[in-house]
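K.L.:
There's a structure below that I have some questions on.
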Amino acid sequence: MNIRLLFFVLFSVVAFAQENDFPTAKVNSIINDIQLPKITSYQINVAKLGAKGDSVSNSKPFFDKAMALCKKNNGGTIVVPKGVYFLKGPIHFVSNVNLKIEKGAKIKFSDTPEDYLPMVLTSWEGTMLYNYSPLIYAYDCTNIALTGEGTIDGEGGKTWKSFKAQEGKGKELSREMNHNGVSLKDRKFGTGYFLRPQMIQFFNCKNILVENIRIENSPFWCLHLLKSESITIRGISYKSLNYNNDGIDPEYAKNVLIENVTFNNGDDNVAIKAGRDHEGRANAATPSENIIIRNCNFKGLHGVVIGSEMSAGVKNVFVENCKTVGYLKRGIYLKTNADRGGFIKNIFVRNIQLDEVEDCLYITANYHGEGKGYQSEISNVSFSDISCNKASASGIVIQGFADKKIKNISLNNIEIKRAKNAISSTNAENVLMNEVFIGEKATVPSAAK
């Protein structure tokens, strides 16, 4: 190695070591750019329009009427008072509206699939298509909010749950259409394809607030933030334990604050995505970026996941001051494979308290060993101040490819009290470790006898 190249390598290592501290100024800058929705003073109470909170009568016509009145008045707040409101079909937002579900109120959705037709433009596991409407759906809206201390029940544990075993045909067809570039107008699913709808989806929206509500029993992903930006999610709670009940899925999303959330999900708590395979790579101009996750309580399958659908790229993710309640399969999980392409970079995680997990910190570029031709770039990932009581499998896993190594990983002040396997690192370079303890801490060496 010549002197110039050696200097460059040493300079790069030192620069990375200096920059891997948690970038608080960057976080503050992102928060300053996030705008809360501006809602006019107009209010309408669904009960006064005729909705009956008796859990039996169909209240959808009255919710639709309230939304239409808000549109006529250039926005406003739709108040849902105490009671159980049964809806045979979805709520479709218009701009400048706050749907306020008051304490003691519950919106309970039908689980009859035909109630969610006609189909709408949506996305399913990273592929754009037409499908059943999400239960709460906003498309191309600005200034929208979902607030209050009430509950949204997706009734996902019966009919929708049965779709899981029948979704294979629809899933595979959607992926073929993705890979073959089939025109969007020809991607029609719905009846006969068994692709479950998301519970709440904000699609191509801006200035969003979801605050203090409770989400239960979703058919599929709970809260999907699709091609949207300037988003605040805070103070919400979950009890949603069906198949694929991710808590929050930002996808092609920008400037997102997720804070003070209490998760209890049947799948990932937060899963950051950015499209799948060919379609995702074609959207490289809209990666998921500038996402802050803080002061949350994790419970479910995984705490924070990036991928595996991330082909447009994910960057600038900041996770801090979070803890678990009970078991997680994995704490922080970065996953992609050789079908995806794209990148995962500039990920900062600090002050995380985990109890018992299968794996504590897991980074893999070879998820499920699938794919070829489109290896992802994974670089600039910083973990600091992480504690874990027990990892039943591995403490730290890093898996790159020989010809596409994972680069610039910083591990600082990590303590995993028990682990079957401590560290497994393959095809990675510039992995910096400081104050890392897995198992019992070593003390001074014993003397020879």
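The values are calculated or read from the model by the stated rules, or taken from the named source; none is laboratory data. Worth saying up front: this structure is predicted, and the values here are computed from it rather than measured. Cβ placement follows ideal geometry from the backbone for every residue including glycine, while neighbour counts extend to all protein chains displayed. Surface areas here come from the heavy atoms of the whole protein model, side chains and all, with no ligands, DNA or RNA. Shrake-Rupley method; radii C 1.70, N 1.55, O 1.52, S 1.80 Å.
K.L.:
Taking segment 323-354, which residues are open to solvent by less than 10 Å² (accessible area, probe 1.4 Å) and part of a loop (DSSP other than H, G, I, E, B)?
P.N.:
Passing the criteria: Thr336, Asn337, Ala338, Arg340, Gly341.
K.L.:
Output the residues belonging to segment 179-195 that are closer than 23 Å to Tyr116 by Cα and in a helix (DSSP H, G or I).
P.N.:
Result: Leu184, Lys185, Asp186.
K.L.:
Continuing with this model, one more query. Just give me the residues in segment 243-254 being in contact (Cβ under 8 Å) with a residue 60 or more places away in the chain and crowded, with 24+ Cβ neighbours inside 10 Å, in sequence order.
P.N.:
Correct list: Asn245, Glu251, Tyr252.
K.L.:
Take the residues of segment 397-410 that are open to solvent by 70 Å² or more (accessible area, probe 1.4 Å) and not in a loop (DSSP other than H, G, I, E, B): which is farthest from Glu358 (Cα to Cα)?
P.N.:
Lys404
K.L.:
Within the bounds of segment 411-418, is there any residue that is within 28 Å of Ala338 (Cα to Cα) and either modelled with pLDDT of 95 or more or open to solvent by 20 Å² or more (accessible area, probe 1.4 Å) (or both)?
P.N.:
The answer is yes, given that some residue of segment 411-418 is within 28 Å of Ala338 (Cα to Cα) and either modelled with pLDDT of 95 or more or open to solvent by 20 Å² or more (accessible area, probe 1.4 Å) (or both).
K.L.:
Within segment 186-194, can one find any residue that is of a type outside the set (D, E, K, R) and loosely packed, with under 15 Cβ neighbours inside 10 Å?
P.N.:
The answer is yes; a qualifying residue exists.
K.L.:
Got a number for residues in segment 98-154 being within 19 Å of Leu173 (Cα to Cα), within 19 Å of the chain's Cα centre (by Cα) and part of a loop (DSSP other than H, G, I, E, B)?
P.N.:
Residues flagged as within 19 Å of Leu173 (Cα to Cα), within 19 Å of the chain's Cα centre (by Cα) and part of a loop (DSSP other than H, G, I, E, B) within segment 98-154 amount to 2.
K.L.:
Under 6 Å between Cβ atoms, at least 6 apart or on separate chains: pull out the pairs that start in segment 169-190 with a residue that is more than 10 Å from Thr127 (Cβ to Cβ) and end on any residue that is aromatic (Phe, Trp, Tyr) and surrounded by 11 or more Cβ atoms within 10 Å (Cβ to Cβ).
P.N.:
What qualifies is Gly170/Phe189; Gly170/Tyr193; Gly170/Phe194; Lys188/Tyr130; Gly190/Tyr132.
K.L.:
Also, quick follow-up: Within segment 160-169, can one find any residue that is open to solvent by less than 30 Å² (accessible area, probe 1.4 Å), small (Gly, Ala, Ser) and more than 20 Å from Ala282 (Cβ to Cβ)?
P.N.:
no
K.L.:
Filter segment 276-307 for residues that are surrounded by fewer than 24 Cβ atoms within 10 Å (Cβ to Cβ), among the small types (Gly, Ala, Ser) and either part of a helix (DSSP H, G or I) or under 11 Å from the mean Cα position of the chain (by Cα) (or both) and give the result.
P.N.:
Within segment 276-307, Ala282 is the sole residue that qualifies.
K.L.:
Any residue in segment 95-123 that is farther than 29 Å from Asn74 by Cβ and in contact (Cβ under 8 Å) with a residue 12 or more places away in the chain sitting within a Cβ distance under 7 Å of a residue that is open to solvent by 30 Å² or more (accessible area, probe 1.4 Å) and among the small types (Gly, Ala, Ser)? List the pairs, counting only those 6 or more apart or interchain.
P.N.:
Lys108/Ser55
K.L.:
Would you be able to say whether some residue in segment 355-375 is in contact (Cβ under 8 Å) with a residue 24 or more places away in the chain, in a strand (DSSP E or B), open to solvent by 40 Å² or more (accessible area, probe 1.4 Å) and within 25 Å of Pro23 (Cβ to Cβ)?
P.N.:
no
K.L.:
Right, another one. Please enumerate the residues belonging to segment 50-95 that are within 32 Å of the chain's Cα centre (by Cα), part of a strand (DSSP E or B) and among the small types (Gly, Ala, Ser).
P.N.:
Ser55, Gly76, Gly83
K.L.:
Among the numbered conditions (1) crowded, with 21+ Cβ neighbours inside 10 Å; (2) in contact with a helix residue (DSSP H, G or I) (Cβ under 9 Å, 6 or more places away or on another chain); (3) in a strand (DSSP E or B), tell me where Glu320 comes up short.
P.N.:
(1)
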